[in-house]
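S.K.: Next up is a structure, given as structure tokens.
The values are calculated or read from the model by the stated rules, or taken from the named source; none is laboratory data. Please read these numbers as outputs of a predicted model, since none were measured by experiment. Note: ideal-geometry Cβ built from the backbone for every residue, glycine included; neighbour counts use all protein chains shown.
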Amino acid sequence: MAKIGIADTTFARVNMADFALGIIKKNSRHKIERYTVPGIKDIPIACKLLFEKYKCDIIMAFGMAGPKEIDKQCSHEASLGIQIVQLTEKKHILEVFVHMDEAKKENEIYQIAKNRAEKHALNALALLQSKTALTKFAGTGRRQGKEDEGSIKI
Amino acid sequence: MAKIGIADTTFARVNMADFALGIIKKNSRHKIERYTVPGIKDIPIACKLLFEKYKCDIIMAFGMAGPKEIDKQCSHEASLGIQIVQLTEKKHILEVFVHMDEAKKENEIYQIAKNRAEKHALNALALLQSKTALTKFAGTGRRQGKEDEGSIKI
Amino acid sequence: MAKIGIADTTFARVNMADFALGIIKKNSRHKIERYTVPGIKDIPIACKLLFEKYKCDIIMAFGMAGPKEIDKQCSHEASLGIQIVQLTEKKHILEVFVHMDEAKKENEIYQIAKNRAEKHALNALALLQSKTALTKFAGTGRRQGKEDEGSIKI
Amino acid sequence: MAKIGIADTTFARVNMADFALGIIKKNSRHKIERYTVPGIKDIPIACKLLFEKYKCDIIMAFGMAGPKEIDKQCSHEASLGIQIVQLTEKKHILEVFVHMDEAKKENEIYQIAKNRAEKHALNALALLQSKTALTKFAGTGRRQGKEDEGSIKI
Amino acid sequence: MAKIGIADTTFARVNMADFALGIIKKNSRHKIERYTVPGIKDIPIACKLLFEKYKCDIIMAFGMAGPKEIDKQCSHEASLGIQIVQLTEKKHILEVFVHMDEAKKENEIYQIAKNRAEKHALNALALLQSKTALTKFAGTGRRQGKEDEGSIKI
């Protein structure tokens, strides 16, 4: 049994973490630690603390970014922080970010968020197994948040 | 009792720190250390010193960025510095930045700055409590600087 | 004999790693360690672990990025992570990334991916030899993924 | 007495450092160490060496960037390097950068450079005094390189 | 006598390193270590190894970037890596990069590359002398790759 960290925000408009928790609990007996912060830029430090203080083995980071250019900049800053945390802790963080301009209707954003959270929960479980658990799917065009695109056929 | 660091600038056109200090003093007995620098890019080193020399437990960083593209670049550099400080100090910095193009009228900028400073002061108090103090609001579309957007309803 | 790490993704639509493995096995007796992750942003941590846990001497990192602006941002974050891993591990990572907007037809993307993977496999073998193994080609306009451009003639 | 580092470039078209030195010498008895490099991207390493080898307590970094997009990228790289130096040395670097597109006439660029250099020299002296030496000006819209904007009045 | 590192690429279409080597050999008796890599993003790790394994005192990094937006992103990643290497090694790297959109004709690109390589070779020699060897040219608008612009006259 491993310990999975869950970092999420009050800014997001969908409770993505709950979707992931459903999948994790259904498919494993891993322990959970959750850390909720105001916004996407607070996620890297939450991840750092989930690793160091709460001894998580892997983290899922749930964030939602607004539709504007400045929101992309914010998610970029969060993503770079997440890179640094992973590389100094030597553990995976699966970034589950949704951008509000990925769809026009709120209902679609909700579906993207749910689908992405659930599929990445399965990815987290696979990464906890081994470094080749996903190799059978290498280059197969898998997508989280929408339908898989599949391999290019020639 | 914790010690809250306040980093702010002479560049900003609103004294955001004072709004936050009002909320903090009203709702807690935490100690305060303030550090004022010229501009937004000087904030990360001020935060670093507030943590290391003045032993703060959490920091609120107040900055204002101009309306131009180059100003976005400056705030980006400041934000990346803030990420590095958080991850090396293993403590939260709540970034309370206002961009001068968030509203057209100066009066609106003032209201955004005040609202954002006050709401983030409450976030700072929550983060000092526990990593799940905000979990009840996860995914509920909270905003600082304007009205909450709320959860997506489907 | 050295150990070559292979990091690749389930997001990619071409199994680039297999092309590289063909070249490596044909031209050397180096050992291989493979690590498959969901997407491009998971590559840096996979590389870190390939170096530290699996003792690789050099890594080839295979990723595919979507055609949108936000996809460029993601590949940028992955690339910066790869820079950090190289500089802290003091070993080469050859970044073999394909952007979905490099060609309009899927068939062309496939050819670019294959050509880039194979040529960079040869580059990896050269870098394992010595720091001047490629010096005879310095400034000769070599390209991976398409035809060489050659030196500028004056 | 402290030691103030001066990093500047041969690329700049105005000798900004001399303006700052005039102010510093008039208002203090701090010692000076100067380091001149070719361009803006060489400034971070000059700052690093001014701190480590020449034991400076604070640095003023004078740079000029061209008017093109690629020049903004260069200044961004320099600024990020400056962030890293500050955070690892735990000392301030006041970035005194001028962009050639801040004004159309060369004469205006000259005035901006002079005004910015002189005002930031006073900021450096204030930061050497204490972390609250500038607090009385917090949120008052001070500008370097042009007229102060002042606080927003409501 | 010092040791000058030369990092260059097979991607570049001009053998810039050879121009620099001509100047260095004519004007000094410094030793040379050369490291040739495939592309611009491989330069930072080559520089790291030139410092750590080959004990260079200063490095000239020669790279050429394509004309597209994604090429600017690549050179940006290389430049940030170069910043990190300089700041952790505490030694200068002179970045001698040419962008293929700096001129329309190949012949002009060649001249820019040659001029930039030769002038920066002289800069490297000056930086090896002392931190003030270039101070007499501070603020004089020197350019590498084209004519000097000179100081702004008022």
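S.K.: Take region A:124-147 and flag every residue that is facing chain C (nearest Cβ under 9 Å) and touching a Lys or Arg at 6+ places or on another chain (Cβ under 9 Å).
M.R.: A:131, A:132, A:134, A:135, A:138, A:139, A:140, A:141, A:142, A:143, A:144
S.K.: Looking at A:75, A:79, which one is over 22 Å from residue B:137 (Cα atoms), assigned to a helix (DSSP H, G or I) and either within 10 Å of chain C (Cβ to nearest Cβ) or modelled with pLDDT under 95 (or both)?
M.R.: After applying the criteria, what remains is A:79.
S.K.: State yes or no: is residue A:110 surrounded by fewer than 24 Cβ atoms within 10 Å (Cβ to Cβ) and in contact (Cβ under 8 Å) with a residue 60 or more places away in the chain? So that I can check it myself, show each step before the final result.
M.R.: Values: surrounded by fewer than 24 Cβ atoms within 10 Å (Cβ to Cβ): yes; in contact (Cβ under 8 Å) with a residue 60 or more places away in the chain: yes.
The answer is yes for residue A:110.
S.K.: Determine whether region B:35-54 contains at least one residue that is more than 25 Å from residue B:73 (Cβ to Cβ) and within 13 Å of the chain's Cα centre (by Cα). Even if it seems obvious, please write down each step before you answer.
M.R.: As a first pass, look at region B:35-54 and keep what is more than 25 Å from residue B:73 (Cβ to Cβ): B:51-54.
Still in the list and also within 13 Å of the chain's Cα centre (by Cα): none.
No: region B:35-54 contains no residue that is more than 25 Å from residue B:73 (Cβ to Cβ) and within 13 Å of the chain's Cα centre (by Cα).
S.K.: Among (1) at the interface with another protein chain (Cβ under 7 Å from one of its Cβ atoms); (2) among the aliphatic types (A, V, I, L, M); (3) outside any helix (DSSP H, G or I); (4) under 11 Å from the mean Cα position of the chain (by Cα), which single condition is residue D:17 missing?
M.R.: (3)
S.K.: Take the residues of region D:51-81 that are of a type in the set (A, V, I, L, M) and in contact with a Lys or Arg (Cβ under 8 Å, 6 or more places away or on another chain): which is surrounded by the fewest Cβ atoms within 10 Å (Cβ to Cβ)?
M.R.: Filtering region D:51-81 for residues of a type in the set (A, V, I, L, M) gives D:58-61, D:64-65, D:70, D:78, D:80.
When the remaining residues are screened for being in contact with a Lys or Arg (Cβ under 8 Å, 6 or more places away or on another chain), the result is D:58-59, D:64-65, D:70, D:78.
Values: D:58: 21, D:59: 29, D:64: 25, D:65: 25, D:70: 16, D:78: 26.
The extreme case among them is D:70.
S.K.: Further question on the same structure: Looking at C:153, C:146, which one is surrounded by fewer than 16 Cβ atoms within 10 Å (Cβ to Cβ), within 15 Å of the chain's Cα centre (by Cα) and in a loop (DSSP other than H, G, I, E, B)?
M.R.: Working: C:153 fails: within 15 Å of the chain's Cα centre (by Cα).
Result of the check over C:153, C:146: C:146.
S.K.: Something else now. Please state which of the following conditions residue B:63 fails to meet, knowing it meets all the rest: (1) closer than 13 Å to residue B:43 by Cβ; (2) touching a Phe, Trp or Tyr at 6+ places or on another chain (Cβ under 6 Å); (3) at the interface with another protein chain (Cβ under 10 Å from one of its Cβ atoms).
M.R.: (3)
S.K.: Could you please find all residues in region A:67-84 being hydrophobic (A, V, I, L, M, F, W, C) and either in contact with a Ser or Thr (Cβ under 6 Å, 6 or more places away or on another chain) or in contact (Cβ under 8 Å) with a residue 40 or more places away in the chain (or both)?
M.R.: Taking region A:67-84 and keeping what is hydrophobic (A, V, I, L, M, F, W, C), we get A:70, A:74, A:78, A:80, A:82, A:84.
Scanning region A:67-84 gives a single hit, A:84.
S.K.: Then there's this: Looking at C:87, C:122 in this structure, which one is in contact (Cβ under 8 Å) with a residue 60 or more places away in the chain, assigned to a helix (DSSP H, G or I) and either surrounded by fewer than 21 Cβ atoms within 10 Å (Cβ to Cβ) or within 18 Å of the chain's Cα centre (by Cα) (or both)? Before you say what the answer is, go through the steps one by one.
M.R.: Working: C:87 fails: in contact (Cβ under 8 Å) with a residue 60 or more places away in the chain.
Only one candidate qualifies: C:122.
S.K.: Right, another one. So if I check each of D:7, D:46, D:12, D:2, which one is more than 7 Å from chain E (Cβ to nearest Cβ) and under 18 Å from residue D:99 (Cβ atoms)?
M.R.: Values: D:46 fails: under 18 Å from residue D:99 (Cβ atoms); D:12 fails: more than 7 Å from chain E (Cβ to nearest Cβ); D:2 fails: under 18 Å from residue D:99 (Cβ atoms).
After applying the criteria, what remains is D:7.
S.K.: Also: Checking the condition in a strand (DSSP E or B), modelled with pLDDT of 95 or more and surrounded by fewer than 23 Cβ atoms within 10 Å (Cβ to Cβ), which residue from E:33, E:102, E:95 passes?
M.R.: On the way: E:102 fails: in a strand (DSSP E or B); E:95 fails: surrounded by fewer than 23 Cβ atoms within 10 Å (Cβ to Cβ).
On inspection, the qualifying residue turns out to be E:33.
S.K.: Right, here's the next one. Taking the condition in contact (Cβ under 8 Å) with a residue 12 or more places away in the chain, closer than 30 Å to residue E:68 by Cβ, at the interface with another protein chain (Cβ under 7 Å from one of its Cβ atoms) and of a type outside the set (Asp, Glu), does residue D:41 pass?
M.R.: Working: in contact (Cβ under 8 Å) with a residue 12 or more places away in the chain: yes; closer than 30 Å to residue E:68 by Cβ: yes; at the interface with another protein chain (Cβ under 7 Å from one of its Cβ atoms): yes; of a type outside the set (Asp, Glu): yes.
Spelling it out, residue D:41 is indeed in contact (Cβ under 8 Å) with a residue 12 or more places away in the chain, closer than 30 Å to residue E:68 by Cβ, at the interface with another protein chain (Cβ under 7 Å from one of its Cβ atoms) and of a type outside the set (Asp, Glu).
S.K.: Shifting gears a bit: Could you figure out which of (1) without any contact (Cβ under 8 Å) to a residue 60 or more places away in the chain; (2) within 11 Å of chain D (Cβ to nearest Cβ) isn't true of residue E:96?
M.R.: Failed condition: (1).
S.K.: Has region B:101-120 got any residue that is within 8 Å of chain A (Cβ to nearest Cβ) and either over 29 Å from residue A:106 (Cβ atoms) or of a type in the set (A, V, I, L, M, F, W, C) (or both)?
M.R.: Initially, region B:101-120 is screened for residues within 8 Å of chain A (Cβ to nearest Cβ), giving B:120.
Narrowing the set further to residues that are either over 29 Å from residue A:106 (Cβ atoms) or of a type in the set (A, V, I, L, M, F, W, C) (or both) leaves none.
Checking region B:101-120: not a single residue is within 8 Å of chain A (Cβ to nearest Cβ) and either over 29 Å from residue A:106 (Cβ atoms) or of a type in the set (A, V, I, L, M, F, W, C) (or both).
S.K.: Quick one: which residue in A:46, A:7 is hydrophobic (A, V, I, L, M, F, W, C) and over 16 Å from residue B:58 (Cα atoms)?
M.R.: On the way: A:46 fails: over 16 Å from residue B:58 (Cα atoms).
Only one candidate qualifies: A:7.
S.K.: Here is a further query. When you go through E:64, E:60 one by one, which is the residue that is in contact with a strand residue (DSSP E or B) (Cβ under 9 Å, 6 or more places away or on another chain), touching a residue at least 12 places away in the same chain (Cβ under 8 Å), under 19 Å from residue E:30 (Cβ atoms) and in a strand (DSSP E or B)? Please lay out each step first, then the result.
M.R.: On the way: E:64 fails: under 19 Å from residue E:30 (Cβ atoms).
From the options E:64, E:60, the qualifying one is E:60.
S.K.: Filter region D:127-143 down to the residues that are outside any loop (DSSP other than H, G, I, E, B) and either closer than 18 Å to residue B:16 by Cα or under 14 Å from the mean Cα position of the chain (by Cα) (or both) and list them by number.
M.R.: Taking region D:127-143 first, the residues outside any loop (DSSP other than H, G, I, E, B) are D:127-129, D:135-137.
Selection gives D:127, D:135, D:136, D:137.
S.K.: Can you confirm whether residue C:24 is part of a helix (DSSP H, G or I), under 15 Å from the mean Cα position of the chain (by Cα) and modelled with pLDDT of 95 or more? Outline the logic, then answer.
M.R.: Values: part of a helix (DSSP H, G or I): yes; under 15 Å from the mean Cα position of the chain (by Cα): yes; modelled with pLDDT of 95 or more: yes.
The answer is yes for residue C:24.
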